[in-house]
Amino acid sequence: MMKAVFFDLDGTLIDSDPYWVRSQETLVRSCGGEWSDTLADALQGAAFPETVRLLRGAGVDWDGDAIVRHLSDEVLRMEKERLPWIEGVRDVLSGLAAAHVPAVLVTGSPREIVENVMAQAPKGAFVGYVCGNDDVTPKPDPAPYWRAASMVGLPADASGAGQCLVFEDSKPGLTAARASGATVVAVTGHARVDMSDSGLCDEAIVDYRGLTIADLAGWM
C-alpha cells in the first residue's frame with residue numbers, strides 16, 4: 001500500500017536544471033575558469049558541498065558560503081519570474097491531495113527556494129519538506145528520505161520508506177532513494193543524463209502527463 005509519495009525538486013518536480021546550469025556556467029566563466037559538458041553532468045543533482053568542490057576545481061576562487069549564496073540567489077530570482085513545472089506534475093499533486101495521500105518535497109536546495117515552490121504548488125499538495133538547510137546527511141545518503149518518512153508518521157528507516165514512492169531524476173537522488181528502501185521512479189524528460197537503465201529505479205517516466213493515482217499505487 002502506498003502510504004506517501006516523495007518528490008525531488010530540480011529536474012523532477014520543476015525543470016530548474018537550466019537555471020542552475022546558467023548560474024553555474026556564468027560564475028565559472030566570470031572567474032576565468034573553464035566550463036564543459038563533463039562539468040555540467042557532474043554537477044547534476046550534486047549536494048552543495050560537492051558543487052562547491054567542483055566549481056572551485058573549475059576556477060571559482062570563492063569561499064563555499066559565497067558560492068552557495070550566489071547560485072541560490074540567481075536561481076531564486078529566475079524561479080520567481082517563472083517556475084517551470086514538469087509536464088503533468090501539478091495534476092498528480094492535486095490528485096494525491098484529493099486522495100489524502102501525503103506528499104513530501106525532498107531536496108538539497110536551500111529553504112528559500114523550496115518555500116517559493118511550496119507557495120506556488122497546488123493547495124494542500126505537500127505536508128512538508130526536507131531541504132538543504134536541514135541537519136540531515138545529504139543525498140546520495142538515504143537520510144533525507146528517512147526524514148521524510150518520519151514526517152508522515154512512518155519509521156525513519158527502510159521499513160518506513162519501503163511503504164513510499166519516490167520520484168527522482170539524478171544519480172545522487174536515485175542512489176539515495178534506492179538505498180532508502182522506497183519504490184523508485186526515474187523522471188527522464190528533463191535530465192541531462194537518462195538514468196532509466198541505471199539499475200537504480202523500479203519504473204521510469206518521461207513526465208507525469210496521463211498518470212493517475214491508481215498508476216502510482218500500482219507500482220508499489
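All of the numbers you see were taken from the coordinates with simple rules; none came from a lab. Fair warning: this is a prediction, and the values are worked out from it, not measured in the lab. Glycine also receives a Cβ, built like all others from the backbone with ideal geometry; neighbour counts cover every protein chain displayed.
Going by how many other Cβ atoms sit within 10 Å of their own, how do Arg111, Arg147, Arg77, Arg192 line up, fewest first? Display every interim value, and only then the final one.
Details: Arg111 14, Arg147 21, Arg77 11, Arg192 17.
Going from sparsest to densest Cβ surroundings: Arg77, Arg111, Arg192, Arg147.
Treating only the Cβ atoms of Lys and Arg (+1) and Asp and Glu (-1) as charged, compute the dipole magnitude of the chain about its Cα centre; round to the nearest 20 debye.
Values: 18 positive and 32 negative charges, 90 e Å.
Value, rounded to 20: 440 debye.
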Simple SL model, points at 7 angstrom along Cα→Cβ for Lys123 and Thr212; separation in nm is 2.5 nm
Excluding residues fewer than 8 positions from Lys123 in its own chain, the lysines with Cα under 17 Å of it are none
Cα lying deepest toward the dipole's positive end in the chain, options Pro140, Ser30, Gly210, charges on Cβ: Gly210
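Given charges of +1 on the Cβ of Lys and Arg and -1 on the Cβ of Asp and Glu, with all other atoms neutral, how large is the dipole of the range 1-82 about its Cα centre, in debye to the nearest 20? Before the final figure, lay out the partial values.
Details: 9 positive and 16 negative charges, 39 e Å.
About 180 debye.
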The range 183-197 scanned against label point 7 Å out from Asp37 along Cα→C-beta; backbone N under 17 Å for 190-195
Taking Cα pairs closer than 8 Å and at least 6 residues apart, the relative contact order of the chain in percent is 25 percent
Per the rule of 0.36 nm per residue minus the C-alpha distance, extending Arg77 to Asp157 adds in nm 25.2 nm
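Could you quote the convex hull projected area for the range 17-81, Cα atoms only and averaged over all directions, in nm²? Don't skip to the answer; put the middle values down first.
Details: hull surface 15.5 nm².
If I average the Cα hull's projected area over directions, I get 3.9 nm².
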³J(HN,Hα), Karplus 6.51/-1.76/1.60, whole Hz, each residue of the range 100-106, x for Gly, Pro: 6, 9, x, 10, 10, 8, 10
I'd like to know how the range 148-220 sits against the 2.2 N^0.38 Å rule of thumb: what's its Cα Rg over that expected value? 1.09
Debye calculation, C-alpha points only, no solvent: report log10 I(q)/I(0) for the chain at q = 0.15, 0.17 Å⁻¹, in the same order as the q values. -0.92, -1.18
Pick out, in residue order, every one of the GluC sites (Glu not before Pro) in the range 1-94 that is DSSP loop and has at most 16 other C-beta atoms within 10 Å; say none if there are none. Glu34, Glu87
If each part is reduced to its alpha-carbon centroid, the range 181-211 and the range 80-110 end up apart, in Å, by 16 Å
